[in-house]
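The values are calculated or read from the model by the stated rules, or taken from the named source; none is laboratory data. Everything numeric in this text was worked out from a predicted model, so none of it was measured. Using ideal geometry, Cβ is built from the backbone for each residue, glycine included, and neighbour counts are taken over all protein chains shown.
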Amino acid sequence: MLEEIPTKAQGFLLQDAEKRDRVTARRVYLVRTLLRENYLSRETLIRRVEFLMGFKSFEEKSWEDTFYRDMRVVKQALREAGFEVKYSRKKNNDGYYLEGMSRLSKEVKKEIAGAIAELDEEQVKIYKDMSPAQKFYQATSIIDFGKRVSLEREQI
């Protein structure tokens, strides 16, 4: 039945559902996160999704049940696309992952390489010369900015 709907139309409908339905949005963000990064703990996946959504999306009292229900659907969706979601308990490689995929997707590796390429020696030198107090101030400023952005997202 879904084959009858063109792929672009499916994408549009999914985006519309994401905007209107928190459960769908949560599950879509779980899928997107697993396609980008592997070996993520339950807590890390939840933090990533809530950051992307801009608010706490897993209920306070029943967050574990919510997460496991979502993961059952996510696993099935990814299985339909030819991926197998597994869980590893190996030290330094623990968490949810897609079998056969590296820790980071090619896209994430490209993003990291691009960010590194943007650094220049002068910036590195300036940072090295900063006092611990200046580094602390810079870090707290970045955190404050992130909080402001998050609060603005919640109001939208």
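Residues in region 31-50 that are in a helix (DSSP H, G or I), of a type outside the set (D, E, K, R) and in contact (Cβ under 8 Å) with a residue 24 or more places away in the chain: 5 in all.
All conditions but one from (1) modelled with pLDDT under 85; (2) part of a helix (DSSP H, G or I); (3) aromatic (Phe, Trp, Tyr) apply to Phe55; the one that does not is (2). Scanning region 104-120 for residues that are surrounded by 13 or more Cβ atoms within 10 Å (Cβ to Cβ) and within 24 Å of Ala81 (Cα to Cα) yields Leu104, Ser105, Val108.
Scanning region 73-125 for residues that are among the basic types (Lys, Arg), within 11 Å of Asn38 (Cβ to Cβ) and assigned to a strand (DSSP E or B) returns a single hit, Lys86.
Here Tyr97 passes the criteria (1) under 22 Å from Glu111 (Cβ atoms); (2) free of Cβ contacts under 8 Å to residues at least 24 places away in the same chain; (3) under 18 Å from the mean Cα position of the chain (by Cα) except the one numbered (2).
Condition check for Tyr87 on (1) of a type in the set (Phe, Trp, Tyr); (2) farther than 16 Å from Leu45 by Cβ; (3) modelled with pLDDT of 85 or more: one failure, at (2).
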